[in-house]
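For reference, the structure is listed below as structure tokens.
The values are calculated or read from the model by the stated rules, or taken from the named source; none is laboratory data. All figures in this text were calculated on a predicted structure; none of them were measured in a lab. Neighbour counts are summed over all protein chains in view; Cβ atoms, including those assigned to glycine, are modelled from backbone coordinates with ideal geometry. The area values use the complete protein model at the heavy-atom level, side chains included, leaving out ligands, DNA and RNA. Shrake-Rupley method; radii C 1.70, N 1.55, O 1.52, S 1.80 Å.
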Amino acid sequence: MKRIIALILILLLFTAFQYSKKSDDKEKWVWKQKSVKAERVTDKVIVDGKLDESIWKREGVSGFTQDDPEEGNPATEKTEVWLAYDDNAIYVAARLYDSEPDKIISLLARRDSFVDADYFLFYVDPYYDKRSGFKFAVNPTSSIADWSIFNDGWDDNSWDGIWESKARIDEKGWSVEMRIPFDQLRFKKKNNGEEYTWGVNFRRYIRRKNERVTYSWKPKTISGDVSHYAKLNGIKGINPKRLFEIVPYTAGKVDFGNAEEDNPFVTGETWGGNAGVDIKYGLKSNLTLDLAINPDFGQVEVDPAVINLSAAESYYSERRPFFIEGAHIFRFGSGGANSNIGANWGNPRFFYSRRIGRPPQGYVETEGYVKYPEWTSILTAAKISGKLGKGWNIGVMSAFTEKEYAEVDINGDRSKGEVEPFSNYTILRAHKEFNEGRQGLGFIATSVLRDLKDINLKDMLNNKAFSFGVDGWTFLDKKKKWVVTGWMGGTQVSGTKERITDLQYSYPHYYQRPDVDYLGIDEDATSLSGYSGRFMLHKQEGNFMFNAALGFITPGFDARDMGFQWDGDVINGHVLLGYRSFKKWKFIKFWDALLITQRNYDFGGNKVGDQRFIFIGDIEFTNFWHLYFQMSSNPAQMDKYRTRGGPMMLVQPYTWYDFGLFSDRRKPVVLRLGGHFLTSDWGRVRRSASATIEWKPGTNISLSLSPRYDYNYNNSQWVDNIDDPVLTETYGTRYIFGDLSQKTLSCSIRLNWIFSPKVSLQAYLQPFISVGAYKGFKEFATPGTYDFNTYGTGSSSIDYIEADDEYSVNPGDGGDPFSLYNPDFNYKSLRGTVVFRWEYKLGSALYFVWTQNRADFGNPGDLSFGRDMSDMLSAPGDNIFMLKFTYRFKM
């Protein structure tokens, strides 16, 4: 049956390919660049949205074209735009005519929340490199959003410029004015009197019609965005001021929790305060320094709760403002192509900013009470970004973190133990684009230096870690339809013999794997190095889609001191064929279909990943509902991680399915449904169901609930490895597994209450329950198979010792009896954050934050929803209140 389905899918894609060749031949669209002129203002412009200044009385630019819903047709409502400037800023004005102004969708939104309302957007490419720039959005309530743009159309909303805007609704429709200071934009300064040439574009959303219209328009099948902007002329004779902003902050915090008897560190009440400063300075008009001294991030949202039973660490998104702003500058290996597909490939990250200021990694062995710091303090962090020389984009960041100590109390005697050394984290990223973005070349370099003086930390942490990589791309044709991208990089870490030996034994290296001959532990090594890379061929334009890639990570590659890594010792390759259609057909507005085949091998040539075929389909209907479906057929393959450093295990064939259904986002109630189902020939089952219900009862408030249920039955869940020389078949180690039945219930609850574009209240709450019950304990019998010896059968025995909460096992094969801890769990967590934010002055804000975090671990292995919910709500936890005040000085 699976082969028949695969054959049908291949025939459909082949037919679509033949049709696409005909449609590509018929493609007659040719881009002709439009031109816009900015006039110097003669009278002061008051940014009030009235458009009553004389500079706006002249004829503006119009002639917008639909992107949606009728691609290529003229806009249904007229839009007229003007540009002007003075010595310090560029001004944008727009008259957005509407035949039914009472139907304009006007929603209040917090900054950078692009809600489902009408919008006007201004795009600008000040370098005129046709690859990068900024965009600014305003809706009828004067709510704003802004982004930096890179890679000819990708955007990053972490950038927050300091600019003014005002919108108002009237009988003609609505209007908007913007004032964007030149010091917020990056461009190469010219001599007095010399005219600037920039790229610009304008876009409008008419939300009730789901209509999006653009001034400098292109079809959706054509790649790129910034490269198709209109040309802006007219700006000359300006002398913008150098950017210089100082934003000091002060914060106070109190933590109310449950007191712990006899523990002097848990008294139920802790008070604290902090202060620091952020500085932004324009070294040049195209180069900016950001400096943070003793930064504080108390206003960020808490991380969601997870249960991770794999060997890999969990990945959490960055939420701290200093590190997310301009984070795209440090992206590596993804430029050139408009899409990067990773079929069963986790691209290693050379820079993962959450390594900076992470929780201390050390610990103190003591019989007394211990108080660990929650985070490693960042003493100072500096970032330089912009352009240097002839078009080099550059980003440099360096941060120093403080030496941290744990406080120890033994019967009133206090002492300290070092748990994190004084450290420096540095990253340098640079890249240059040639020939209007047809080629690109760049590099990245990172270093981590630790001042390791504590003997325990010396054997626990690397004292030095370095990485270096080169990336680039080149288009293969004049129309920029085909592109080859690639990157290569290496890492080297050093430390004591004990540290590097432990590193070789750990995930994802597992140099101790006994069934391969290309690995082996070197106990005398004081360093570990490795390489990785990936190369991709991608078709950017047209209806027919093609992508192929080959990547590798050597066993010694380790980027985790400064970066993040999902995998190691892998060679990955895939081929993708697909077709997409933007032509409306009956009730379908858009559809695409993708077929992927993929393989993974380790460096010994063992097949450790095989997705014979993956089918992905998307359909967007004319009522703006969206349907997504995905399935994957996976034949038998080896798993090199399942035994946690032992011999490979054969994983039997399995198939999984994904689907998603999403309703029209314009409606007061928005629904998103999702599901996942995995079935196998060897008993593994995974099911999940999720939903998100978003309710928008008013123009300034939204509430969303995202319940989720996951069921996972894994009859080969790793439990422990125990040495026993009797087990010659498995190289002297018992690899112990169990049948795990895990049920997880969670719900993410979000409230956004916007009082004005400057005042907002956000709330996030996540109740989380995950219960796992183990049975059928067994040991791996034969490498390269899926065979087990189950305890309690034959001459073996297993007994549960309730008093010790462990199992007593007699393997019955002449080996020594041993104890096995009870791995059952019942983790209940309630995490939440409420943030009130008031931007009382441009660039200055007041925050009031309440954070709650509580957890309970009672009744392991037994799920009772009512009891577990009650235990979660009554569990001891922390209530943290923080008040933070910032003030922006414009120098």
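In square angstrom, rounded to the nearest 10, how much accessible surface does residue 685 have for a 1.4 Å probe?
30
Whenever you get a sec, line up 378, 341 from highest to lowest accessible area (probe 1.4 Å, protein heavy atoms).
Heavy-atom accessible area, descending, gives 341, 378.
For region 815-891, which chymotrypsin sites (Phe, Trp or Tyr not before Pro) are both in a DSSP coil and crowded by at most 13 other Cβ atoms within 10 Å?
857
With a/c under 1.5 counting as rounded, go ahead and sort region 606-678 into rounded, prolate or oblate using the C-alpha gyration tensor (a ≥ b ≥ c being the square roots of the eigenvalues; past the cut-off, prolate if a/b is larger than b/c, else oblate).
Here region 606-678 falls in the prolate category.
I'd like the Karplus ³J(HN,Hα) series for region 447-455: coefficients 6.51, -1.76, 1.60, θ = phi - 60°, whole numbers in Hz, and an x wherever there's a Gly or Pro.
Once θ is set to phi - 60°, the couplings for region 447-455 become 8, 10, 10, 10, 8, 8, 10, 6, 5 Hz.
Using the Cβ atoms and a cut-off under 11 Å, what net charge is assigned to the surroundings of residue 561, where Lys and Arg are +1 and Asp and Glu are -1?
Surrounding charge for residue 561 is +4.
Rounded, prolate or oblate, given the Cα gyration tensor of the chain, with a/c below 1.5 counting as rounded?
Note, shape of the chain comes out prolate.
Students sometimes get this wrong: rank 471, 524 by accessible area, probe 1.4 Å, all chains present, largest first.
I get 524, 471, largest accessible area first.
Taking a probe of 1.4 Å, how large is the accessible area per residue of region 736-854, in Å²?
I get 42 Å² per residue for region 736-854.
Aspartates and glutamates near residue 218 by alpha-carbon distance under 16 Å, same-chain residues fewer than 8 away left out - which ones?
24, 27, 67, 68, 70, 71, 152, 541
Relative contact order (percent) for the chain, with alpha-carbon contacts under 8 angstrom and 6 or more residues of separation?
About 9 percent, as a whole number.
Could you tell me whether region 236-369 comes out rounded, prolate or oblate from its Cα gyration tensor? Rule is a ≥ b ≥ c as square roots of the eigenvalues, rounded for a/c under 1.5, then prolate if a/b exceeds b/c, otherwise oblate.
oblate
With 22 Å as the limit, write out which pairs from 37/220; 253/383; 231/583; 188/280; 135/189; 280/403 have Cα-Cα distances beyond it, or answer none.
37/220; 253/383; 231/583; 280/403
At most 14 other Cβ atoms within 10 Å and a DSSP loop assignment: could you name the GluC sites (Glu not before Pro) in region 789-891 that fit?
In loop regions of region 789-891 (DSSP not H, G, I, E or B), the sparsely surrounded GluC sites (Glu not before Pro) are 802.
How about residue 640: which lysines have a C-alpha closer than 22 Å to its C-alpha, ignoring those fewer than 8 places off in the same chain?
Within the straight-line limit of under 22 Å, residue 640 reaches these lysines: 607, 778.
Could you rank 829, 447 by how accessible they are, 1.4 Å probe, largest area first?
447, 829
Using the Karplus equation 6.51 cos²θ - 1.76 cosθ + 1.60 (θ = phi - 60°), what ³J(HN,Hα) coupling, rounded to whole Hz, does each residue of region 877-890 give in order, writing x for Gly and Pro?
x, 10, 10, 10, 10, 9, 10, 10, 10, 10, 9, 9, 9, 8
Counting Lys and Arg as +1 and Asp and Glu as -1, what is the net charge of the other residues whose Cβ lies under 15 Å from the Cβ of residue 690?
Combined, the nearby Lys, Arg, Asp and Glu give +3.
Using protein chains only and a probe of 1.4 angstrom, how many square angstrom of residue 713 are accessible, to the nearest 10?
Roll a 1.4 Å probe over it and residue 713 shows about 50 Å².
For a quick check: with amide H placed at 1.01 Å from N, whose amide H comes under 5 Å from residue 37's, ignoring anything fewer than 5 positions away on the same chain?
Sorted by chain and number, the residues that satisfy this are 233.
Loop only per DSSP, at most 13 neighbouring Cβ atoms within 10 Å: give me the GluC sites (Glu not before Pro) in region 304-366, ordered by residue number.
When the GluC sites (Glu not before Pro) of region 304-366 are filtered for loop state and at most 13 Cβ neighbours within 10 Å, 313, 365 remain.
Do the sum for the chain: with -39,500 (n - 2.57) for every DSSP H run of n ≥ 4, divided by all residues, what is the mean residue ellipticity at 222 nm, to the nearest 500 deg cm²/dmol?
Calculated from helices alone, the mean residue ellipticity at 222 nm is -1500 deg cm²/dmol.
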